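Read-outs throughout are calculated quantities, based only on the coordinates presented, and are distinct from any laboratory measurement. Predicted model, so just to flag it, every value in this text is computed and none were measured. All Cβ positions, glycine included, derive from the backbone under ideal geometry; neighbour counts span all protein chains shown.
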Amino acid sequence: MIEFCLRLNLQSRAHTGALTLAAAKALHARAQRPNLFIKIPGTSEGLPAIEEAIFAGVPVNVTLLFSGVQYVAAAEAYLRGIERRISAGLDPDVGSVASLFVSRWDVAAADKAPEALRNKLGIAIAGEAYERYRALLDSPRWLRILNAGARSQRLLWASTGTKDPKASDVLYVQALAWPFTVNTMPEATLKALAAHEEFGEAPPAQAIEVLAEFAKAGIDTNRVAAQLLGDGVASFAKSWNDLLNCIASKSEALKAA
C-alpha cells in the first residue's frame, strides 16, 4: 500500500487542534483514498487532533517525534481514538504510524559529544523508544484493540539519511532494522542500501547505558528534544508557507497572463 502524507502544521498555538482536525477531515474526504495518511505533528497541541482524527477514521502519520516519552503520548492518543471507535461500534481498522526522527539527534550533539560517542545518540534514542513501543504492543490494552479488529500503529524511523560524511551512508538503516518498524529512506540512502547486505539484529541492549554516557558528557537529552521539536515545527511551518506563497504567486501570474 502506498502512503501519501500531507503535512498539517501546528505553529505553536497559532493553529488550534480544532482547525487541524477540520483540515485533516477535509483533505481526507477530498482525496477519497484509503491509503492517504495525514501528517499531524506530535506536539502537545497536536495530540487532541490526532485522537480525534483517528476517531473520525482518518489515517494519521504522527510526525516530529523525538523521544520515547513523546512517542508514548502519540501512541496513547492513537489508542484512545481506536478505543472510542470500538465503543461507538465503528470499524477500528484505521491506519497510523508514529514517526521518530533519528539523525537530527546526532547533528545536534555533533559539537558537544566526545569522539567515542559520535553518531551514537540517535540510535540510542531510537533504542529506548523501541523498548517502549514493544512494551505497548505486548500490553493487554493493545491486544484488546487488535482482537477487536484494529491494526497496530507502527513505529516509523524518519530522518535516516546519514548527515556525517565520515559515517556509513547506511548507518541508521542497518542499525534500525528491527521487527515491526518502518524505515523511510531518502533516495540516496535507498540507493546506497542496494550495495549492502548486512543489517542490525536485536535492538541495542546498551541504549540506556549510552544515554547515561551522554548525560555524563553534559548533554541534556530532554532539552535537546525540546529544541529539535521547536526547530522541526518551525521548519514545517516555513515549508508550508513557502508552498502557499508559491501557489499564490503562480495564481497571480496566470491571472495576469
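Given R₀ = 45 Å, what would the calculated FRET efficiency be for residue 118 paired with residue 29, taking r from the Cβ atoms and rounding to 0.05? It would help to have the intermediate numbers written out before the result.
Numbers: r = 47 Å, r/R0 = 1.05.
Efficiency at R0 = 45 Å is approximately 0.45.
First check a/c for the range 109-222, with a ≥ b ≥ c the square roots of the eigenvalues of its C-alpha gyration tensor; if it is under 1.5, answer rounded, and if not, answer prolate when a/b is larger than b/c or oblate otherwise.
Working: a/c = 2.55, a/b = 1.34, b/c = 1.91.
The shape class here is oblate.
Using only DSSP helix segments of four residues or longer, with each worth -39500 (n - 2.57), what per-residue ellipticity at 222 nm results for the chain after dividing by its residue count and rounding to 500? Mind dumping the intermediate values first?
Working: 10 runs with 135 residues, N = 257.
Taken over the chain, the calculation gives -17000 deg cm²/dmol.
Sequence gap of 8 or more, or different chains, plus Cα separation below 29 Å: how many lysine pairs satisfy both in the range 4-256?
Lysine pairs meeting both conditions in the range 4-256 amount to 25.
Provide the FRET efficiency to the nearest 0.05 for the residue 163-residue 217 pair, computing r from the beta carbons and using R0 = 25 Å.
Details: r = 19 Å, r/R0 = 0.78.
My answer for the efficiency is 0.80.
Sorting 120, 216 on the 10 Å Cβ count, fewest up front, what's the list? Show your work: numbers first, answer last.
Working: 120 22, 216 10.
Arranged by neighbour count, lowest to highest, 120, 216 become 216, 120.
Could you calculate the FRET efficiency of residue 187 with residue 245 from 1/(1 + (r/R0)^6), where r is the beta carbon distance between them and R0 is 35 Å, rounded to 0.05? Intermediate values should be presented prior to the final figure.
Details: r = 26 Å, r/R0 = 0.75.
After rounding to 0.05, the efficiency reads 0.85.
Filter the DSSP H helices in the chain by two things, a Kyte-Doolittle mean of at least -1.0 and an axial alpha-carbon span of 30 angstrom or more, and list the hits by number.
Numbers: long enough: 221-256 (52 Å, 0.10).
TM-like helix candidates: 221-256.
Counting other beta carbons within 10 Å of each residue's own, what order do 125, 208 fall into, fewest first? Kindly include the intermediate steps, with their values, before the conclusion.
Working: 125 28, 208 13.
Lowest to highest Cβ neighbour count: 208, 125.
Under a GNM of the chain (C-alpha, springs under 10 Å), which listed residue has the highest mean-square fluctuation: 186, 48, 165?
Residue with maximal mean-square fluctuation among 186, 48, 165: 165.
Can you sort 164, 169 by how many other beta carbons sit within 10 Å, fewest first? Kindly include the intermediate steps, with their values, before the conclusion.
Details: 164 14, 169 18.
The fewest-first ordering by Cβ neighbours comes to 164, 169.
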